[in-house]
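Below is one structure; the comments refer to it alone.
The values are calculated or read from the model by the stated rules, or taken from the named source; none is laboratory data. Computed from a predicted structure; not experimentally measured. Here the Cβ positions follow ideal geometry from the backbone for every residue, glycine too, while neighbour counts run over all protein chains shown.
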Amino acid sequence: MKYANRITINPNICHGKPCIRGMRWPVEVVLDLLLSEMTTEEILEDHPELEREDILASLEYAKLLVSGKSVNVAA
């Protein structure tokens, strides 16, 4: 996984959901923003704490989950 270091799981942050770089930004929220038809540029403009690579990491993480492959992330 190219962006594995950007997805973290910590039981003390967001109930242990996969998050962006240990922040309180669950991957599912980033995916929801994309599903709401926001562009990457709009997301980054509205949420400057996120980086383009965070959005790509969220997509890559979701892709790996649906592929049935094992996903290892940082704690």
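Do we find that LYS17 is surrounded by fewer than 17 Cβ atoms within 10 Å (Cβ to Cβ), under 14 Å from ARG52 (Cα atoms) and not hydroxyl-bearing (Ser, Thr, Tyr) in this structure? Judged against the criteria, LYS17 is not a match. Here the helices (runs of 4 or more DSSP H) wholly within segment 4-75 that include at least 3 residues being of a type outside the set (A, V, I, L, M) and touching a residue at least 24 places away in the same chain (Cβ under 8 Å) are 52-67.
Scanning segment 8-37 for residues that are closer than 21 Å to SER70 by Cβ and in contact with a Leu (Cβ under 8 Å, 6 or more places away or on another chain) yields ILE20, LEU31. Of the candidates ARG52, ARG24, the single residue that is at pLDDT 95 or above and either touching a Cys at 6+ places or on another chain (Cβ under 9 Å) or of a type in the set (A, V, I, L, M) (or both) is ARG24. Screening ASN5 against (1) more than 25 Å from LYS69 (Cβ to Cβ); (2) modelled with pLDDT under 95 leaves a single unmet condition, (1). There is at least one residue in segment 30-37 that is at pLDDT 95 or above, surrounded by 14 or more Cβ atoms within 10 Å (Cβ to Cβ) and more than 19 Å from MET1 (Cβ to Cβ).
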